[in-house]
1. In nm, to one decimal, how far is the modelled label at GLU70 from the one at LEU10, with both set 7 Å along Cα→Cβ?
2. Which distance in nm do the two modelled labels at GLU131 and GLU35 give, with both placed 7 Å along the Cα-to-Cβ direction?
3. What nm distance separates the two modelled labels at TYR28 and GLN107, each placed 7 Å from Cα along Cα→Cβ?
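Every number here is computed from the coordinates shown, using simple stated rules; none is lab data. Just so it is clear, the structure is predicted and the values come from calculations on it, not from any experiment. Neighbour counts are summed over all protein chains in view; Cβ atoms, including those assigned to glycine, are modelled from backbone coordinates with ideal geometry.
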Amino acid sequence: MALPFPLETLRHWYVTPFGGHSNELSFYQIGIRREALEANTELDPEVDRVRIGLLGQRNVRPYLLDHEFEVVPLDDRRPEALARSPHGEAVLPEGDEVVRHPFPAPQPGDTILINGVAAKRLLANPEKLAEVLESLFREGYGRTAS
């Protein structure tokens, strides 16, 4: 049976419904059914870290201040979390105030954005990351208003 989520919308950007919370996950972890991760993404849970957001909500935190999330492949070792990801839905930890900030509390059925671009493109190529940061500072993003 093909699992429909996560769905890649742009290269290394995925969307998936929010399946709920689980106390089997820790802060800064996002769980997704293992088979769905393997079938629908290029994310490597052992290495890659992602940024998350809610569809329709702008992330106001600058990239360098945003926290990365560990991708947890859900299987029988986390049965409660696995039950919340039958089709590849995202599962977040219980008491996720840190996860939500600056977003509103996600509700089941909300769409979670999973951004793996940095893991796949920038962090895999540190020279490219340095170029991007240098460009941002050169363009004045690092300056304060006068």
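1. My value for the distance between the label points is 2.8 nm.
2. Each label point lies 7 Å from its Cα, and together they span 4.1 nm.
3. Result for the modelled spin labels: 3.0 nm.
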